[in-house]
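So the structure is just underneath, and the comments pick up after that.
The values are calculated or read from the model by the stated rules, or taken from the named source; none is laboratory data. This one's a predicted model, so the numbers in the text were calculated from it and none came from an experiment. So basically every Cβ, Gly included, is an ideal-geometry build from the backbone, and we count neighbours across all protein chains shown. Side chains are part of the model used for accessible areas, which takes the heavy atoms of the whole protein and leaves out ligands, DNA and RNA. Shrake-Rupley method; radii C 1.70, N 1.55, O 1.52, S 1.80 Å.
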Amino acid sequence: MCGIVGYIGPSDALPILVDSLKRLEYRGYDSSGVALLNIDKGRIVLNVQKRPGQISVLESQMEHIDSSIGMAHTRWATHGIPNQINAHPHTDDKGTVAVIHNGIIDNHLKLKEELKSKGHVFLSQTDSEVIPHLIAEEYKGSNGDLFEAVRKTVHRLEGSYAIVVLHRDHPDQIVCAREKSPMVLGKGVKGSFIASDVTALLKYTNRFLYLEDGDMASLTRDGIHVERIAGGPAERPWKEVEWSLEDAEKGGFKHYMIKEIYEQPRSLHQTLSGWRSEEETLPKSLSKANTARIIACGTSYHAGMVGKYLFEKYTGMPVEASMASEYRFADHVREDPLMLFITQSGETLDTIMAAREARKRGSRTLSITNVLGSTITRETDLTLYLRSGPEIGVAASKTFTSQLMMMYLISSYVGFSTGYISRDEYRSVQGHLRTAIRAVEGVLKDVTKVMGQVEWFKGAENAFYLGRYINYPTALEGALKMKEISYIHCEGYPAGELKHGPLALLTDRTPVVALVTNDHTYDKILGNIGECSARGSPVLAIAPEGDREVSKYTDRVIYYPQVPPLFSPIPISVILQLLAYHAADQRGCAIDKPRNLAKSVTVE
Ligand code: F6R
């Protein structure tokens with residue numbers, strides 16, 4: 001969950017490192033640091049500077065060092081509180097080796113004891129600090145070969161890591177290695193780069209090499225060399241990424257999240273038009289599927305839950321949606337022939353481990369991600385891409401609606417392949433999705449409707465989001481969005497379950513958001529709104545335009561443009577994102593970087 005960058009080339013390293021690191025701040029923001037190699041009075045010096053707090057603190061307090069080789073880190077604490085000592089880079093006692101690390105070293109306590117017995121002194125409470133000490137030990141026996149010393153070191157590490165290493169005796173070399181934590185290399189006209197993900201480097205290059213688990217690399221002024229940690233060559237292709245720097249910047253918006261909310265008509269169009277080429281990659285064997293399971297975490301799991309309803313509708317087969325962190329530890333009574341893994345980042349460790357497990361058991365695995373070359377693409381048999389463009393805000397918005405769209409597309413495709421629905425029905429799904437995109441445009445054009453309700457919501461401390469059937473997961477997602485960015489405690493609930501317990505919590509200070517759909521659940525949800533109003537709770541209904549009934553139950557209604565009811569999660573989700581965003585903004589919250597959260601959850 002930390003962010004790492006490295007640079008070697010002809011340019012001044014420090015501004016490149018700080019600029020790139022800031023673009024990774026969504027991965028962690030409790031402390032940061034840089035390490036540079038420079039020449040001072042004829043001697044090579046390893047200069048390390050680190051600070052607690054956001055990168056801006058480091059930037060404003062650091063000393064400028066002239067250097068053309070360095071690395072930087074932004075931390076999301078797992079072992080040891082966020083302070084200056086625990087911040088990366090970490091060094092050995094003599095200050096000859098510096099390391100930045102993303103991941104968790106499971107056997108660090110054992111290694112620490114062993115190193116202490118050899119006289120090593122540790123300063124921090126982190127697991128990462130053992131790495132530079134181990135490298136220093138291994139370096140002694142490696143005849144001055146840093147690459148080999150790192151190789152021997154990582155052989156001893158258990159857990160997950162993406163590490164970058166600098167050594168005082170090697171002013172023209174950076175060594176890095178990865179195992180279960182993301183890392184890409186970039187090649188630009190002015191030097192070579194390392195980063196946790198491509199968005200950090202779009203200003204400098206569009207050419208990337210995605211390291212795989214068990215890979216290590218040496219970056220020198222002459223080029224980049226990649227090998228397997230176990231020994232032997234690693235042929236990894238260089239890929240051109242289509243994302244532009246503009247895609248990864250705020251473009252005049254106050255936060256990335258609101259920019260990304262407004263990008264949804266475009267991102268949804270991209271998902272839909274990309275479907276034509278995705279469809280061609282789908283194996284014919286899908287027509288033999290008779291059950292499926294969808295696995296994901298957080299917001300992606302909510303998209304998977306919507307997918308469950310859609311698969312059941314379009315294919316008639318039983319489908320389960322499971323949280324990756326639970327699925328991994330469950331007893332599996334049967335193997336699911338078709339396993340779908342949804343992860344926008346492609347790096348969520350729980351989802352990756354679940355995919356690995358499913359593949360081992362012989363299931364056909366399919367992933368849906370937004371990030372080209374991300375880890376999940378190697379852990380599954382086939383990958384479908386969302387094409388939403390980079391999403392920087394920690395709270396997912398545009399990738400969620402693209403995931404929803406993908407659920408409509410893939411479920412109807414499987415239904416068509418198995419003969420459960422006709423070609424015309426399959427094609428009509430795509431027509432309805434175009435209607436849903438127009439509905440999203442309508443929502444975004446008339447944002448005053450949402451703004452009018454924000455003030456009312458802003459002061460709440462607890463709230464309920466209610467939905468039924470296909471909009472039950474939409475309610476869960478609306479509640480998650482509100483709680484993670486505004487810190488208002490919200491619970492998403494299937495509306496029918498309210499009277500089985502939670503009704504006890506309703507008071508006149510507990511707002512309820514009720515999602516109304518013009519389908520077989522319509523009368524029931526109106527009844528639920530009545531139940532809440534009768535307990536004095538203020539209810540905000542989100543209902544289709546043209547509805548005449550709902551206003552008889554509550555005078556707070558946000559209307560969304562008409563879409564076929566099954567497609568209503570798409571425009572409703574955008575309304576709920578806007579509600580969460582503006583409520584959080586009025587409460588003065590750090591919307592793009594909510595406390596304790598990080599965008600890619602690369603730890604279990
Ligand atoms: C919430 C959010 C998270 C992610 C979850 C999975 O707004 O973004 O709940 O959905 O961490 O992330 P991915 O999709 O990258 O696997």
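Taking region 65-158 as the region of interest, the helices (runs of 4 or more DSSP H) fully inside it that hold 1 or more residues being touching a residue at least 24 places away in the same chain (Cβ under 8 Å) and more than 26 Å from ARG27 (Cβ to Cβ) are 130-140, 146-155.
In a helix (DSSP H, G or I) and away from the ligand (no atom under 12 Å from the Cβ): does that describe PHE400? In short, no.
Among the residues of region 408-434, those identified as in a helix (DSSP H, G or I) and of a type in the set (Phe, Trp, Tyr) are TYR408, TYR413, PHE416, TYR426.
Which residue out of TYR262, TYR301 is hydroxyl-bearing (Ser, Thr, Tyr) and within 16 Å of the ligand (Cβ to nearest atom)? Step through it out loud before you land on a result.
Working: TYR262 fails: within 16 Å of the ligand (Cβ to nearest atom).
Criteria check complete, one pass: TYR301.
For every residue, the table says whether it meets (1) modelled with pLDDT under 95; (2) of a type in the set (D, E, K, R); (3) open to solvent by 10 Å² or more (accessible area, probe 1.4 Å).
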{"site": "VAL5", "(1), (2), (3)": "no, no, no"}
{"site": "ARG23", "(1), (2), (3)": "yes, yes, yes"}
{"site": "ARG27", "(1), (2), (3)": "yes, yes, no"}
{"site": "VAL34", "(1), (2), (3)": "no, no, no"}
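Among the residues of this structure, GLY307 counts as one that is touching a strand residue (DSSP E or B) at 6+ places or on another chain (Cβ under 6 Å), within 16 Å of the ligand (Cβ to nearest atom) and within 30 Å of SER196 (Cβ to Cβ). Residues in region 101-125 that are open to solvent by less than 30 Å² (accessible area, probe 1.4 Å) and in contact with a Lys or Arg (Cβ under 9 Å, 6 or more places away or on another chain): ASN102, GLY103, ASN107, LEU111, HIS120.
Given the residues GLU129, GLU179, which is the only one that is of a type in the set (D, E, K, R), under 22 Å from MET62 (Cβ atoms), open to solvent by less than 60 Å² (accessible area, probe 1.4 Å) and within 32 Å of the chain's Cα centre (by Cα)? It would help to see each step written out before you state the result.
Values: GLU179 fails: under 22 Å from MET62 (Cβ atoms).
Exactly one residue qualifies, and that residue is GLU129.
Annotation: LEU578 fulfils all but one of (1) out of contact with any helix residue (DSSP H, G or I) (no Cβ under 7 Å at 6 or more places or on another chain); (2) within 15 Å of the ligand (Cβ to nearest atom); the unmet one is (1).
Looking across ARG535, ARG595, ARG556, one residue alone is of a type in the set (D, E, K, R) and within 16 Å of the ligand (Cβ to nearest atom). It is ARG595. Scanning region 571-597 for residues that are open to solvent by 10 Å² or more (accessible area, probe 1.4 Å) and aliphatic (A, V, I, L, M) yields a count of 2.
What residue, among those in region 346-373 that are open to solvent by less than 10 Å² (accessible area, probe 1.4 Å), of a type in the set (Ser, Thr, Tyr) and within 11 Å of the ligand (Cβ to nearest atom), is nearest to SER325 (Cα to Cα)? That would be THR351.
Just checking, which of ILE392, ILE410 is at pLDDT 95 or above and among the β-branched types (Val, Ile, Thr)? Quick ask: steps written out before the conclusion?
On the way: ILE392 fails: at pLDDT 95 or above.
Exactly one of ILE392, ILE410 is at pLDDT 95 or above and among the β-branched types (Val, Ile, Thr), namely ILE410.
Being at pLDDT below 95, away from the ligand (no atom under 16 Å from the Cβ) and open to solvent by less than 40 Å² (accessible area, probe 1.4 Å) narrows it down to one residue among VAL513, VAL440, VAL454, VAL429; which is it? Give the steps one after another, and end with the answer.
Numbers: VAL513 fails: at pLDDT below 95; VAL440 fails: at pLDDT below 95; VAL429 fails: at pLDDT below 95.
Answer to the check: VAL454.
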